[in-house]
Amino acid sequence: MRGMGADDQAARHLAPSTIRFCPLCRGDLVRIPVPPDQKEEAVCSACGFVFYLNPKLVAGTIPIEDGRILLVRRNISPSKGKWTFPGGFVDWGETVTGAALRETEEETGLQVDLDGLVGVYSSPGAPVVIVVYRARVVGGAPEVSDEIQELAWLGPDEIPWDQLAFPSTREALRDFLSR
């Protein structure tokens with residue numbers, strides 16, 4: 001949304017309250033209880049389509065090499081300029097593991113093998129669920145992408161905890177380091 005201020009962008013985020021029209025027939029959506037649990041959902045007043053707004057799935061990796069963790073400084077919003085691990089949205093028809101491998105290579109130029117699940121992270125009201133894997137570098141050369149300002153291999157004592165991009169970044173790194 002080019003040209004919009006941060007407040008405008010935040011107000012226009014996809015949320016149950018911002019969905020107004022049916023994606024199938026363009027009818028008005030109304031919030032009504034839906035069986036079997038009678039949870040209120042957006043239902044098309046014209047065709048009856050139920051618009052379930054579910055979180056998006058994100059896959060990430062924590063690459064490690066010689067006892068150091070690869071972190072990337074974001075060049076995009078949200079959290080531009082903050083540190084996280086490589087990751088991004090899982091595309092339609094793609095596996096979570098495939099997305100983790102693809103996103104790591106796209107953002108860093110590195111090919112990795114996944115070496116176990118670190119964890120799955122979500123927060124109430126957040127529009128994403130993040131699946132994070134431990135990874136080891138098997139090829140490629142480190143390079144920044146349009147989405148990344150900088151790459152850094154950091155020891156556990158060098159992690160910029162006060163400059164991390166998201167609560168899930170902090171949680172995943174803590175879980176990773178505790179094992």
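A compact table of results
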| quantity | calculated |
| --- | --- |
| Selected residue (criterion: nearest to PHE176 (Cα to Cα)) from residues of the range 76-130 that are surrounded by fewer than 18 Cβ atoms within 10 Å (Cβ to Cβ) and acidic (Asp, Glu) | ASP115 |
| Matching residues in the range 121-161 - criterion: being in a strand (DSSP E or B) and over 16 Å from THR84 (Cβ atoms) | ARG136, VAL137, VAL138, GLY139, GLY140 |
| Enumeration of residues in the range 41-66 that are of a type outside the set (Asp, Glu) and touching a residue at least 60 places away in the same chain (Cβ under 8 Å) | PRO55, LYS56, LEU57, VAL58, ALA59, GLY60, THR61, ILE62, PRO63, ILE64 |
| Lone unmet requirement of (1) out of contact with any Pro (no Cβ under 8 Å at 6 or more places or on another chain); (2) closer than 22 Å to GLU143 by Cβ; (3) not in a helix (DSSP H, G or I) for VAL118 | (2) |
| The range 131-171 - residue that is surrounded by 14 or more Cβ atoms within 10 Å (Cβ to Cβ) and of a type in the set (D, E, K, R) and, of those, modelled with the lowest pLDDT | GLU147 |
| Residues satisfying the stated conditions in the range 143-179, i.e. of a type in the set (Phe, Trp, Tyr) and without any contact (Cβ under 8 Å) to a residue 24 or more places away in the chain | TRP161 |
| Positions within the range 125-173 being within 15 Å of ILE64 (Cβ to Cβ) and out of contact with any strand residue (DSSP E or B) (no Cβ under 9 Å at 6 or more places or on another chain), in sequence order | ASP157 |
| Residue match in the range 62-80 (condition: touching a Lys or Arg at 6+ places or on another chain (Cβ under 7 Å), among the small types (Gly, Ala, Ser) and farther than 20 Å from SER122 by Cβ) | no |
| Residue in the range 66-78 that is nearest to LEU110 (Cα to Cα), counting only those that are modelled with pLDDT of 95 or more and either assigned to a strand (DSSP E or B) or among the hydroxyl-bearing types (Ser, Thr, Tyr) (or both) | LEU70 |
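Conditions tested, residue by residue: (1) under 28 Å from ASN54 (Cα atoms); (2) in contact (Cβ under 8 Å) with a residue 12 or more places away in the chain; (3) under 12 Å from the mean Cα position of the chain (by Cα).
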site: ARG68; (1), (2), (3): no, yes, no
site: ARG74; (1), (2), (3): yes, yes, no
site: PRO86; (1), (2), (3): yes, yes, yes
site: ALA100; (1), (2), (3): yes, yes, yes
site: THR104; (1), (2), (3): yes, yes, no
site: GLY125; (1), (2), (3): yes, no, no
site: ALA141; (1), (2), (3): no, yes, no
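The values are calculated or read from the model by the stated rules, or taken from the named source; none is laboratory data. Note that the coordinates shown come from a computational prediction; the quantities given were computed from them, not determined experimentally. A quick note on method: Cβ atoms are made from the backbone with ideal geometry, for glycine too, and the neighbour counts reach across all protein chains shown.
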